[in-house]
Amino acid sequence: QITRGINFINKHTIESEKNASFLKLAKKASGKGNYKETEQIVALLESRISEKKEVELYADLRLFQFDLYQQYHKPKKLMRIAQMFKKIKFSDYQKEEATTKIAAVVGSKQVILKKDFSKQDQSYDKGVLTEIISYFDILAIVNNKEKALYEYYKAETYYSVHRFQDALNSYKVSLIDYEKKLS
C-alpha cells in the first residue's frame, strides 16, 4: 500500500522530515520484495532531494539505491549509481560504506572473471573486465587515499586474464601513486 504510505507521510509528517520518512518507506518496501513500488518512491525522492541542500540524505539515498540494484540484480542501474559516487560528498562513515559496497561487488565480479577465463583460448567476458576496471576507478575517486592499491588491483585483474601490457601499465601507475603518497 505504497500510495497510502506516501499520502500518510505527506499528510502527517512535517516538511523537514518528509524525505527521510520517504527513504524509510522505500527501505521497507524493498525489504518486503516490492521492487516496482520501491522504484516509485525512489523516483519521488529523486525529485525532492537536493544534493546541495540535503547532502547527507542525498548520499544515503544513493547508497540505498546501490543496495537496491544489487539486491534485484540490475547491473546497469548499479553501475549508474556507482558512477554517481564519484561526485557525492560522503561523510566519513558514508565513504567507508560506499567503499565496502563497491569492493564487495568488484570482488565477486573478479571471481566470475577468473572462473570464466579459459587458459586454452584466452577467452573471457570483456564486459565483466570493463565493469571491474570501472569499479576500481570509482573506488580510487571515492577513497582516494587508497588509489595506489586500487590501481594495483586493476593490474592484478588484467594479469589474471593475460592482458600483460595493461597489467604492466597499471602496476607502473600504482607504484607512482604509492611513491607520491610516501612523499
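The values are calculated or read from the model by the stated rules, or taken from the named source; none is laboratory data. All values derive from a computational prediction rather than experimental measurement. Every residue, glycine among them, receives a Cβ derived from its backbone with ideal geometry; neighbour counts consider all protein chains shown. Note: areas computed on protein heavy atoms with side chains; ligands, DNA, RNA excluded. Shrake-Rupley method; radii C 1.70, N 1.55, O 1.52, S 1.80 Å.
A 19 angstrom limit on the alpha carbon distance is what I want to check against. Which of K77/K154; K74/K101; K114/K181; K18/K52 exceed it? Numbers along the way, then the final one.
Working: K77/K154 22 Å; K74/K101 15 Å; K114/K181 30 Å; K18/K52 17 Å.
Pairs exceeding 19 Å: K77/K154; K114/K181.
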ask   = region 105-123 to region 144-171: how many Å between their Cα centroids?
value = 15 Å
key: the chain - Rg (one decimal) and Dmax (whole number), Cα, Å   = 19.5, 65
remark   = Once the dipole of the chain is set up from charges on Cβ (+1 Lys and Arg, -1 Asp and Glu), the residue from the list S47, A104, V142 lying farthest towards its positive end is S47
query = Can you pull the percent of Cα pairs in region 94-183 with separation above 21 Å?
reply = 31 percent
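Within region 1-65, what whole-number % of the accessible surface is contributed by carbon and sulfur, with the 1.4 Å probe and all protein chains included in the calculation? Write out the running numbers ahead of the final one.
Working: 1940 of 3990 Å².
Accessible surface attributable to carbon and sulfur in region 1-65 totals 49 percent.
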inquiry  = As I understand it, the dipole of region 1-121 uses +1 on the Cβ of Lys and Arg and -1 on the Cβ of Asp and Glu, about the Cα centre. Which of L78, F90, H12 lies farthest toward its positive end?
reply    = L78
key: Choice from T38, T99, T130 with maximal GNM fluctuation in the chain (Cα, 10 Å cutoff)   = T130
query = Summing +1 for each Lys or Arg and -1 for each Asp or Glu, what net charge is found among the other residues whose Cβ lies under 11 Å from the Cβ of V106?
reply = +1
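Could you compute the net charge surrounding S91? Neighbours are other residues with a C-beta less than 10 Å from the C-beta of S91; K and R count +1, D and E count -1. Walk me through the intermediate numbers first.
Numbers: positive: K89, K95; negative: E56, D60, D92, E96, E97.
Computed value for this residue: -3.
With Cβ to Cβ distances under 15 Å as the rule, what net charge do the other residues near Y159 carry (K, R +1; D, E -1)? Don't skip to the end; give the middle numbers.
Values: positive: K114, K119, K154, R163, K172; negative: E151, E156, D166.
My count for the surroundings of Y159 gives +2.
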ask   = Charges only on Cβ, +1 for Lys and Arg, -1 for Asp and Glu: so what's the dipole of the chain about the Cα centre, in debye to the nearest 20?
value = 400 debye
remark   = Taking a crude spin-label model, label points 7 Å out from Cα along the C-beta direction, the K36 to Q71 distance in nm is 1.8 nm
task = Specify the angular offset, from 0 to 90 degrees and rounded to the nearest 10, of the alpha carbon long axis of helix 15-31 from the longest principal axis of the alpha carbons in the chain.
result = 60 degrees
message = Suppose each label sits 7 Å from its Cα in the direction of the beta carbon; what would the Y159-R4 distance come out to in nanometres?
response = 5.8 nm
